[in-house]
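These notes concern the structure reproduced below.
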Amino acid sequence: PYRCQECGKSFRRDKELAAHRRLHTGDLPFRCADCGKSFSWSSHWLRHQRIHTGEKPYECPECGKSFSRSSHLYRHQRGHAGGRSGAEKPYRCGDCGKSFSWSSHWERHQRIHTGEKPYECPECGKSFGRTSHLYRHQRTH
């Protein structure tokens, strides 16, 4: 076992410890030739390259939409009714029974029942339940 002198975390391989040390040193050896952004991990650099190449290797089997990251595909699949991820909608409104795939959508929905309008127009003071409604309103000034 290889142990980090900074934090005490142990690793099975010396290469893993060397990569971990970058967290403490701030070393960013992987640099993007297109924009100059640097990364401590080669995997993050490779993932970043997709911004420039437009590559989207992760395709939804349900609708064909493609994504640059597997995590984005997984998040997308949760929204499909009957999709492979089991159409997960674990967030249920106790007031009306409507279900949501995302906690943020459930929280936003709750404002319908509570009447909460946290987004206020700095110009006239009118409040809105959604930022998009505030932005649309601000265009009228």
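A few points about this structure:
- Residue satisfying all of: in region 40-69; more than 30 Å from residue 80 (Cα to Cα) and modelled with pLDDT of 90 or more; surrounded by the fewest Cβ atoms within 10 Å (Cβ to Cβ) among these: 42
- Number of the condition not met by residue 75 [criteria: (1) part of a loop (DSSP other than H, G, I, E, B); (2) among the basic types (Lys, Arg); (3) surrounded by 13 or more Cβ atoms within 10 Å (Cβ to Cβ); (4) modelled with pLDDT under 90]: (1)
- With respect to the conditions (1) more than 18 Å from the chain's Cα centre (by Cα); (2) in a loop (DSSP other than H, G, I, E, B); (3) over 30 Å from residue 133 (Cα atoms), residue 96 falls short on a single one, namely (3).
- Within region 99-141, tally of residues that are under 27 Å from residue 72 (Cβ atoms), in a helix (DSSP H, G or I) and of a type in the set (Ser, Thr, Tyr): 5
- Residue pairs whose Cβ atoms lie under 7 Å apart, separated by 6 or more positions or on different chains, with the first residue in region 59-75 and among the hydroxyl-bearing types (Ser, Thr, Tyr) and the second surrounded by 15 or more Cβ atoms within 10 Å (Cβ to Cβ) and assigned to a strand (DSSP E or B), are 66/58; 70/58.
- Scanning region 7-38 for residues being at pLDDT 90 or above, surrounded by 11 or more Cβ atoms within 10 Å (Cβ to Cβ) and not in a loop (DSSP other than H, G, I, E, B) gives a total of 12.
- Filter result for residue 38 (of a type outside the set (D, E, K, R) and within 23 Å of residue 71 (Cβ to Cβ)): yes
The values are calculated or read from the model by the stated rules, or taken from the named source; none is laboratory data. Quantities reported herein were computed from a predicted structural model and do not represent experimental measurements. Cβ sites come from the backbone with ideal geometry, for glycine too, and all protein chains shown count toward neighbours.
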